[in-house]
1. So what are the ³J(HN,Hα) numbers for region B:124-139, from phi and the Karplus equation (6.51, -1.76, 1.60; θ = phi - 60°), rounded to whole Hz, Gly and Pro as x?
2. Rounding to the nearest 20 debye, state how big the charge dipole of region A:1-136 is about its Cα centre with +1 on each Lys and Arg Cβ and -1 on each Asp and Glu Cβ.
3. Counting partner chain Cβ atoms within 10 Å of every residue's Cβ in B:57-68, what's the average?
4. Ignoring ligands, DNA and RNA, what accessible area per residue does region A:1-112 give at 1.4 Å, in Å²?
5. Add +1 for every Lys or Arg and -1 for every Asp or Glu among the other residues with Cβ under 14 Å from the Cβ of B:K157, and state the total.
6. Rounded to the nearest 0.05, what FRET efficiency is calculated for B:L123 and B:E158 with R0 set to 22 Å and r the Cβ-Cβ distance?
7. Would you tally the net charge around A:A39, using a Cβ to Cβ cut-off of less than 10 Å, leaving A:A39 out, and scoring K and R as +1, D and E as -1?
8. Could you size up the charge dipole of region A:157-226 around its Cα centre, putting +1 on the beta carbon of Lys and Arg and -1 on that of Asp and Glu, and report it in debye to the nearest 20?
Amino acid sequence: MVEDLSEDAAVSDAVQRGAYVFRAAGCHSCHTDTKGGGAPLAGGRALKTPFGTFYSPNITPHPVYGIGAWSDEDFEAALRHGVSPDGDPYYPSFPYTSYTGMSDEDIADLQAYLFAQEPVETQNKPHDLDFPYSLRFTLGLWKTMFFEAGAYQEDDQKDAAWNRGAYLTRHLGHCGECHSPRGFLGAVDDSLELAGNPEGPDGGKVPNLTPAENGLAGWSESDIAGALKIGITPEGDFLGDSMGEVIEHGTSHLSDDDLTAIAIYLKSLPANSGP
Amino acid sequence: MLRKSILAAGACAVAAGAVLMSNSVVPTSHASDLQVADAHEMAAVKQRQQTMKDVGGNMKIIAEFVKASKGSAAEASAAAAKIGELATSIPEIFEVKATLEQMDTVGKNRSKPEIWSDWDGFLERGKVLEDEAAKMAAVLNSGDAGTIQAQFATFGKEGCGGCHTTYRGPET
């Protein structure tokens, strides 16, 4: 990176745009150990899954413990291809399977934003996984079975709002990572995408986001936007737990247009009553 | 205090029943202790759930007024005042510890253990709900749409969502 970052107007624009991408991509919740009082983005948050417990890594620009020594290519390879700078595949607990659809510009802006944050000297904690998921070498095979890299391609049969909604929901916001059921190999079943997950992270049930009766059938577009903005449901309940964090650090900061786009996209899905 | 002694009396009655039953059906007294604990906790859980349901019902009245101009400002303001009143019972209704893990077998209970491990923090959250509800009730009577919208968002996020994020577990 160039030395005079602060002088460069184009870079600071990228940082500003990146701040928004960062919100929409929901990086904060998983990469911050809020419960344990960890520093922002310094990792260490436990993600309990049926495959074992994952600990998120430090994504501050610390050169040794964070991503400070990463090149632009390293950063893109991580998000687009799920590959670490050492060439190792990531576990899909890191939602590169969704982020792969990010635009080149969003990836670059997100990197600019992260590199503008305070470096934190916190060492990464190794994952604590059950056999056979603990065998990292099997991930290469997993990827050939379940993963295809590539930026989101707009559907020209649909309007701009729908396409924006699809991009935000399926890629940047990676909603399906929690809101879809996974098979025993940990991959999302495409036919049940966004249809809810009875075995979500931390042992919870994750609701169905398709317009099925057990999903969002009774929700209007403005109900969905309202839930993402302030957490309210049509029953007058307020979402909490992990979705509360997503709202607090992520979706409540998005523009009304983007929240409506997500709602338009979700309401356009075929109703699917899920697993 | 009165409520406590009623609960204690109830628990004794249940205990007596459990001991009688244990002579014929349940083989160990240990098992009957467990039953007593569950009955006591179950009552607490039910009371909590009812209170939260009442908060939600009143919230719905406010939301419908704010978002869709259904009902009147006076009704919405009264609902906000009611939530403030319900909020004052939070320390009492959460006094009995019955968490997600303990209550796995007896239905839907989403209280996280953090409520009791961070009791002061939890009570502060209850106070936030009480204060924000009072502000909401006042603002609804003032009539300015912009202020009402803004306070509604703060009320929901700080009063309800903030607490649910830290202290309420997922649906199981």
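1. My calculation for region B:124-139 gives 4, 4, x, 5, 4, 4, 4, 5, 5, 5, 4, 4, 4, 4, 5, 5 Hz in order.
2. Values: 8 positive and 20 negative charges, 193 e Å.
Here region A:1-136 has a charge dipole of around 920 debye.
3. 3
4. On the way: 5040 Å² over 112 residues.
Solvent-accessible surface per residue comes out at 45 Å².
5. Taking every other residue near B:K157 into account, the sum is -3.
6. Numbers: r = 15 Å, r/R0 = 0.68.
That pair, B:L123 with B:E158, gives E of 0.90.
7. Numbers: positive: none; negative: A:D33, A:E118, A:E121.
Surrounding charge for A:A39 is -3.
8. Details: 5 positive and 10 negative charges, 31 e Å.
Taking the Cα centre of region A:157-226 as origin, the dipole is about 140 debye.
The values are calculated or read from the model by the stated rules, or taken from the named source; none is laboratory data. From a predicted model like this one, the values you see are computed outputs, not experimental measurements. With ideal geometry, Cβ positions are generated from the backbone for all residues, glycine too; neighbour counts draw on all protein chains shown. Each accessible area value is taken on the protein alone, full model and side chains, heavy atoms only, with ligands, DNA and RNA left out. Shrake-Rupley method; radii C 1.70, N 1.55, O 1.52, S 1.80 Å.
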